[in-house]
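Below you'll find the structure, written out as structure tokens, and then a few comments.
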Amino acid sequence: AQTVTQSQPEMSVQEAETVTLSCTYDTSESDYYLFWYKQPPSRQMILVIRQEAYKQQNATENRFSVNFQKAAKSFSLKISDSQLGDAAMYFCGIAGGTSYGKLTFGQGTILTVHP
Amino acid sequence: DSGVTQTPKHLITATGQRVTLRCSPRSGDLSVYWYQQSLDQGLQFLIQYYNGEERAKGNILERFSAQQFPDLHSELNLSSLELGDSALYFCASSAYMNTEAFFGQGTRLTVV
């Protein structure tokens, strides 16, 4: 079984500033993948970034980066130079090694970006 | 646009009725996943099909069923609908089992 916990129901940030969203997880799988998805008001689920658990190097996608602490089972998302378009619900998810699309998600964090 | 198409976008129906939600995966994707997003349960995995065969089941009710057709599109059938079934239903697809999934826009189901 897998569980994901997002302890911050809501976060806010000023435009151009940096914000970090927290995520912790638990899994019995030795091989797994971690994801952050963004859900804007349009409801579309958009993949932001992914991390293979066997990789020690933290994943980075432009302004988005993760801090993956495997021993602590922590997977936080850092958004740098925040933009108004980053405002959305962010979901942290985990998938076992056999299927990337069979995801267990956390409850989500609503991110508000202030101009 | 993810390339995953879900129809209809909105559906309003009465309790006790049966509905069918349709998903067309991205071209060439073999795997389809169904998710339910509701206020009280969050975003939950329901079921996965790969090349026509059921591969994994999550918290899917017995009143719900799904299938994937030879042309790889999938349908989620919801029957004996209850008020609590009102939710956003997502379909996602991936090329294979071990590739990332892309989500459709979802179908908003309202049971009255």
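Computed from the coordinates by the stated procedures, all read-outs in this text should not be read as laboratory data. Here the structure is a predicted model, which is why all the values come from computation and not from measurement. Glycine also receives a Cβ, built like all others from the backbone with ideal geometry; neighbour counts cover every protein chain displayed.
The GNM of chain B, with springs linking C-alpha atoms under 10 angstrom apart, assigns the highest mean-square fluctuation among B:PHE69, B:PHE45, B:PHE90 to B:PHE69. Centroid-to-centroid, using Cα positions, region B:1-64 and region A:30-68 are 23 Å apart. Model label sites at B:HIS10 and A:GLU29, defined 7 Å from Cα along the beta-carbon direction, differ in position by 3.6 nm. The orientation-averaged projection of the convex hull spanning the C-alpha atoms of region A:12-115 amounts to 6.3 square nanometres.
In chain B, the alpha-carbon atoms span a convex hull of 91 Å³ per residue.
What does the charge add up to near A:PRO115, with Lys and Arg as +1, Asp and Glu as -1, over the other residues with Cβ less than 15 Å from its Cβ? Charge balance near A:PRO115 sits at -4.
Charge dipole of region A:14-58 (Cα centre as origin; +1 on each Lys and Arg Cβ, -1 on each Asp and Glu Cβ, all else neutral): 200 debye, rounded to the nearest 20. Simple rule: put +1 on each Lys or Arg Cβ and -1 on each Asp or Glu Cβ in region A:47-89, find the dipole, and look at A:PHE75, A:ASN62, A:LEU47; the Cα lying farthest toward the positive end is A:PHE75. The slack in the chain from A:LYS55 to A:GLN69, taken as 0.36 nm per residue of separation less the alpha-carbon distance, amounts to 3.9 nm.
A cut-off under 12 angstrom between Cβ atoms defines the neighbours of A:ALA87, and their net charge, with Lys, Arg +1 and Asp, Glu -1, is -2. The string of couplings for region B:52-66 from the Karplus curve (6.51, -1.76, 1.60, θ = phi - 60°) is x, 10, 5, 10, 8, 10, x, 7, 9, 5, 5, 6, 9, 8, 8 Hz, one whole number per residue in order, with x for Gly and Pro. Think of chain B as having a plus end and a minus end, set by charges on the Cβ of Lys, Arg, Asp and Glu; of B:LEU46, B:GLY28, B:PHE90, B:PHE90 sits farthest toward the positive end of this dipole.
Using Cβ point charges alone (K and R +1, D and E -1), the dipole size of the protein assembly as shown about the Cα centre works out to roughly 100 debye. Within the set of other residues whose C-beta is less than 12 Å from the C-beta of B:LEU88, count the net charge using Lys and Arg as +1 and Asp and Glu as -1. Neighbour charge sum, excluding B:LEU88 itself: +2. Taking amide hydrogens as placed 1.01 Å from N in the peptide plane, the amide H of A:VAL66 sits under 5 Å from those of A:ALA59, A:LYS78, each at least 5 positions away in sequence or on another chain. Overall shape of the protein assembly as shown was characterised from the C-alpha gyration tensor. The equivalent ellipsoid obtained from it has semi-axes of 29, 20, 16 Å, in decreasing order. Counting only lysines at least 8 places from A:LYS55 when in the same chain, those with an alpha carbon closer than 21 Å to its own are A:LYS70, A:LYS73, A:LYS78, A:LYS102. On the basis of the beta-carbon distance and an R0 of 45 Å, B:ASN98 and A:SER12 show a calculated FRET efficiency of 0.80. When the Gaussian network model of chain B links Cα atoms closer than 10 Å, the mean-square fluctuations of B:ILE47, B:ILE60, B:ILE12 top out at B:ILE12.
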